[in-house]
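Written below as structure tokens is the structure these notes are about.
The values are calculated or read from the model by the stated rules, or taken from the named source; none is laboratory data. Keep in mind it's a predicted model, so treat the numbers as computed, not measured. Here Cβ is always computed from backbone atoms with ideal geometry, including for glycine, and neighbour counts include all displayed protein chains. Accessible surface areas use protein heavy atoms only, side chains included; no ligands, DNA or RNA. Shrake-Rupley method; radii C 1.70, N 1.55, O 1.52, S 1.80 Å.
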Amino acid sequence: MLANIRSAALLGIDAYPVECEVDICPGLPTFQTVGLPDAAVKESKDRVKSAITNSQFTFPIQRITVNLAPADTKKEGPSFDLPMAIGILVASGKLPAKAVEGFWIVGELALDGKIRPIRGALPIALAARDNKVNGLLVPAENAKEAAVVVEVPVYAVKNLKEAVEFLTGAKTLSRVVVDIEEEFKQHSTYKVDFADVKGQENAKRALEIGAAGGHNILLVGPPGSGKSMLTKRLPTIMPSLSLEEAIQTTKIHSIAGTLPRRRALMATRAFRSPHHTVSDAGLIGGGTIPKPGEVSLAHHGVLFLDEFPEFNKNVLEVLRQPLEDGTVTISRVQSTLTFPAQFMLAAAMNPCPCGYYTDASRECTCSPNQIQKYLGRISGPLLDRIDLHIEVPALKWKEISDTTPAEPSSAIRERISQARAIQQKRFNDDGIHCNAQMNTVQMRKYCQLDEPSQALLKTAMEKFGLSARAYDRILKVARTIADLDGEENLKPSYIAEAIQYRNMDRSVWRN
């Protein structure tokens, strides 16, 4: 007898429908899975057999063939365990075929019949919505995540026996419902705050500008000056995630398996801080079947690269495409996938190998040769793609001992949200969200300079030998400073402040 169970598989950050066809016929007892299964799918036969037996059902001692269609696309992961088991029960007459009509079923089986969580429940629910299914059966731990898609009835099942009883009508399961507003309220708080940071007002101002316009940032300073402390608090001043942004972020983390258990949505901005030994595949993504890397996991959030020059040079160079395009394209023989990667890059580094080149209180022991070699690990084209270069000096005793409360993240975030609202209104018809994403045409329209501003920028370009890309970055940063002030026109003071954030272009660093 033949059974057809609807399920889904992941490809990139999206899901597509899969038909799990199960055929049971007379012959030597075998269990064969076809349809380009990977090792985890091939091993399903042992999990499925034990789960069926230990759930008090009879496993058929016949020839069993499972086909996962479309057969020309690689299938991976254990999420086909449950549809295979249901298919075997339907094909062997233990479950009526009509019971599974209109349902999509996914889940990994334990040997005792329990259903374990899977990756990608949210993308699967989105695909189910697009295919207008009647219901989606998912593991209980994935239920809240899938139920974010309110158009699809989601049912949580804990074990194989419960799934069968629900499909036959012997047991009633309530549809899983998620209060999205409550989910945001419970999980949108951060454990750190800018109120914890003493001093470093110039760096705080630069981070505020960066968060307001989505600009990339490089912090340069001696060890212990607070570079990491400042950067870890950057997500706390960024505007709150919209529902659309939260769904996009949750999809990526769900597929990567980094979404917290029983969490419906990622309600806070992502903060990813890979170690400097990370590979290019770990940073950008990759694998036989490409998976999202750190740049995609930081989508709509912050990618923090500490000890910036210590990263392998070829790893840093692969950052160029996501920094420029906001996406990562990974090509393999079997497929070419594009992952979203609209993140804010925050990098931190010492000014020299010993770390004390710019520290007035400590003597630098590095030779000019060593310093230039150290700084040379970061290429000019990559440096040009970073809008703000900020010098973070060592804290003085007066700043360390100051007991005056610093400005909290909530107050800074309020100003940034107002600036972002101006940008959203400005770019409403342009398909972008912040100043850092402006192209040449948009810059020509929104970043017009008066004569004093042009003269100031011309002098800076000639004195510092800035590139054309640096020129664009200065204009974008100046536009953001004006938005923070609620001004329509770019003033010379905004241009001057934007120029001072190009520290790495100055002669003190290059000579």
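Identify the single condition in (1) open to solvent by 50 Å² or more (accessible area, probe 1.4 Å); (2) touching a strand residue (DSSP E or B) at 6+ places or on another chain (Cβ under 6 Å); (3) under 26 Å from Ala128 (Cα atoms); (4) not hydroxyl-bearing (Ser, Thr, Tyr) that Lys74 does not satisfy, given that it satisfies every other one.
(2)
Table: residues versus (1) over 27 Å from Glu181 (Cβ atoms); (2) under 13 Å from the mean Cα position of the chain (by Cα); (3) at pLDDT 90 or above.
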residue	(1), (2), (3)
Ser228	yes, no, yes
Ala270	no, yes, yes
Ser273	yes, yes, yes
Gly287	yes, no, no
Leu297	no, yes, yes
Glu317	yes, no, no
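So for the range 388-398 (the condition being in a loop (DSSP other than H, G, I, E, B), open to solvent by less than 30 Å² (accessible area, probe 1.4 Å), under 28 Å from Lys198 (Cα atoms) and not hydroxyl-bearing (Ser, Thr, Tyr)), does at least one residue qualify?
yes
Inside the range 482-492, can you point out the residues that are surrounded by fewer than 15 Cβ atoms within 10 Å (Cβ to Cβ) and either among the small types (Gly, Ala, Ser) or not in a helix (DSSP H, G or I) (or both)?
Across the range 482-492, the qualifying residues are Gly486, Glu487, Glu488, Asn489.
For the range 77-96, give me each residue that is open to solvent by 10 Å² or more (accessible area, probe 1.4 Å) and closer than 14 Å to Glu19 by Cα.
Ser79
Within the range 197-213, can you find the residues that are surrounded by fewer than 23 Cβ atoms within 10 Å (Cβ to Cβ) and under 20 Å from Gly301 (Cα atoms)?
Matches in the range 197-213: Lys204, Arg205, Glu208.
Looking only at the range 102-123, which residues are more than 15 Å from Glu165 (Cα to Cα) and in a loop (DSSP other than H, G, I, E, B)?
Selection gives Gly102, Val106, Gly107, Ala110, Leu111, Asp112, Pro117, Ile118, Arg119, Gly120.
Can you tell me which of (1) assigned to a loop (DSSP other than H, G, I, E, B); (2) more than 36 Å from the chain's Cα centre (by Cα) is the one Lys458 doesn't meet?
Looking at each condition in turn, Lys458 falls short on (1).
So for the range 305-323 (the condition being closer than 30 Å to Lys144 by Cα, part of a loop (DSSP other than H, G, I, E, B) and either of a type in the set (A, V, I, L, M) or out of contact with any helix residue (DSSP H, G or I) (no Cβ under 7 Å at 6 or more places or on another chain) (or both)), does at least one residue qualify?
No: the range 305-323 contains no residue that is closer than 30 Å to Lys144 by Cα, part of a loop (DSSP other than H, G, I, E, B) and either of a type in the set (A, V, I, L, M) or out of contact with any helix residue (DSSP H, G or I) (no Cβ under 7 Å at 6 or more places or on another chain) (or both).
May I ask you to say which residue of Ala163, Ala147 is more than 26 Å from the chain's Cα centre (by Cα) and touching a residue at least 12 places away in the same chain (Cβ under 8 Å)?
Checking each option against the conditions leaves just Ala163.
From the set of residues in the range 324-370 that are among the β-branched types (Val, Ile, Thr) and not in a strand (DSSP E or B), which is most open to solvent (accessible area, probe 1.4 Å)?
Val333
Within the range 177-196, can one find any residue that is closer than 16 Å to Ile115 by Cβ and surrounded by 13 or more Cβ atoms within 10 Å (Cβ to Cβ)?
no
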